[in-house]
Amino acid sequence: MTSYLWRKYADYVHTKWERTILWDMIEPYRRPKSFTPLVTIYVCAFYTGIIGAAITEQLYKEKYWEDHPGQVVPLMKPMFYGGPWRVMGGDVPRFVEEPSKAATS
């Protein structure tokens, strides 16, 4: 039984080695891999993110309207951005507004 297993293993290793040499000879003549599956996955991931963001914003608005009926919904703070947030309380600060509007108020 042991000699049978060793013979099978030797055949496996030998044929594996032959296959490696064969594929190494054929490799330069193979077609290059297509980018289509990768691009398709990236496009699907992008649009999944867009749809997820739209659903999240809609749920935020509905929750705000339930808690504050009849009021204008303030801008939603970004979830994955921890940097400075220039919109304070849903209102655009004066230094970001257009000059004509800032002068009149």
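Give a quick list of trypsin sites (Lys or Arg not before Pro) in the stretch 26-72 that DSSP marks as loop, anything other than H, G, I, E or B, with at most 16 other Cβ atoms within 10 Å. All intermediate terms of the calculation are to be shown ahead of the outcome.
Values: sites: 30, 33, 61, 63; in loops: 30, 33.
When the trypsin sites (Lys or Arg not before Pro) of the stretch 26-72 are filtered for loop state and at most 16 Cβ neighbours within 10 Å, 30, 33 remain.
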### Query
Hey, with R₀ at 25 Å, roughly what FRET efficiency would residue 20 and residue 40 work out to, going by the Cβ-Cβ distance, to 0.05?
0.20
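Each reported figure results from applying straightforward, stated rules to the coordinates on display, with no laboratory input. This structure is a prediction, so every number in the text was calculated from the model and none was measured. Counting neighbours? That spans all protein chains shown, and the Cβs are built from the backbone with ideal geometry, glycine included.
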